[in-house]
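Since the structure comes first, as structure tokens, the remarks are kept for the end.
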Amino acid sequence: MKLSELLYKHKRTIIDRWFQAIIETYPEKTSHFLKSNKDRFTNPVGHAFAEGLPVLFDGLLDDSKSEAVTDAITGIIKIRAVQDFHPSQAVVFVFLLKRAVTETVSDDIKAHNLFEELTTFWYDIDRLALFTFDCYMECREKINDIRVSQAKQGHFKPYERLQVLNNKSSQEGDSTNGER
């Protein structure tokens, strides 16, 4: 038996455990909400994980760098980037797959001596985590750019208003001077 066959056989259990481990990284009230609310609009975090984890799992097993994997990571990490997580906290969800796999199939891995394949799979998870970190940093840079832009706009608006008022008063002064 190959590791990929074993993991596909237990896919639903692994993904459920992975989701549970991720949800446990949130405070208790939030965790309960994320588990119980399935609506994509009122629970975008839970929805992003529910939709994205199977895609990531399949991408790791197929060793694909597909657009679907990129989209799934982007969808998840954009949300985590605005949640005030430290970078390590934002990306830890990728590593939690290792725990889910170990909890689910460790006996089978031992029985079929799949340690070499498992090491390769761990390496693939690590690479996915590095890619996720890069995506997180890009999102944080965009957020910071937006904040700087908003700060500049907010800072210069009173100045612009003052300029408009000064221009109006000088135009009014010119028109009154011309009428006299």
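Listed values, structure above:
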quantity: Test for Ser106: is it of a type outside the set (Phe, Trp, Tyr) and modelled with pLDDT under 95; calculated: no
quantity: All positions within region 36-52 that are under 30 Å from Phe121 (Cα atoms), free of Cβ contacts under 8 Å to residues at least 40 places away in the same chain and surrounded by 15 or more Cβ atoms within 10 Å (Cβ to Cβ); calculated: Val45, Gly46, His47, Ala48, Ala50, Gly52
quantity: Filter pass, Asp84 being farther than 15 Å from Trp18 by Cα and in a loop (DSSP other than H, G, I, E, B); calculated: yes
quantity: Condition met for Glu116 (more than 21 Å from Arg17 (Cα to Cα) and either crowded, with 16+ Cβ neighbours inside 10 Å or at pLDDT 95 or above (or both)); calculated: yes
quantity: Subset of region 21-35 that is of a type outside the set (Ser, Thr, Tyr) and surrounded by 14 or more Cβ atoms within 10 Å (Cβ to Cβ) - its residue that is nearest to the chain's Cα centre (by Cα); calculated: Ile22
quantity: Only listed residue being under 10 Å from the mean Cα position of the chain (by Cα), surrounded by 14 or more Cβ atoms within 10 Å (Cβ to Cβ) and at negative phi, chosen from Val82, Val55, Val69, Val91; calculated: Val91
quantity: Some residue of region 139-150 being at pLDDT 90 or above, in a helix (DSSP H, G or I), within 30 Å of Lys2 (Cβ to Cβ) and not acidic (Asp, Glu); calculated: no
quantity: Residue that is surrounded by the fewest Cβ atoms within 10 Å (Cβ to Cβ) [pool: residues in region 120-155 that are of a type in the set (Val, Ile, Thr) and under 21 Å from Val69 (Cα atoms)]; calculated: Thr120
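The values are calculated or read from the model by the stated rules, or taken from the named source; none is laboratory data. These numbers come from a predicted model, not from an experiment. Here Cβ is always computed from backbone atoms with ideal geometry, including for glycine, and neighbour counts include all displayed protein chains.
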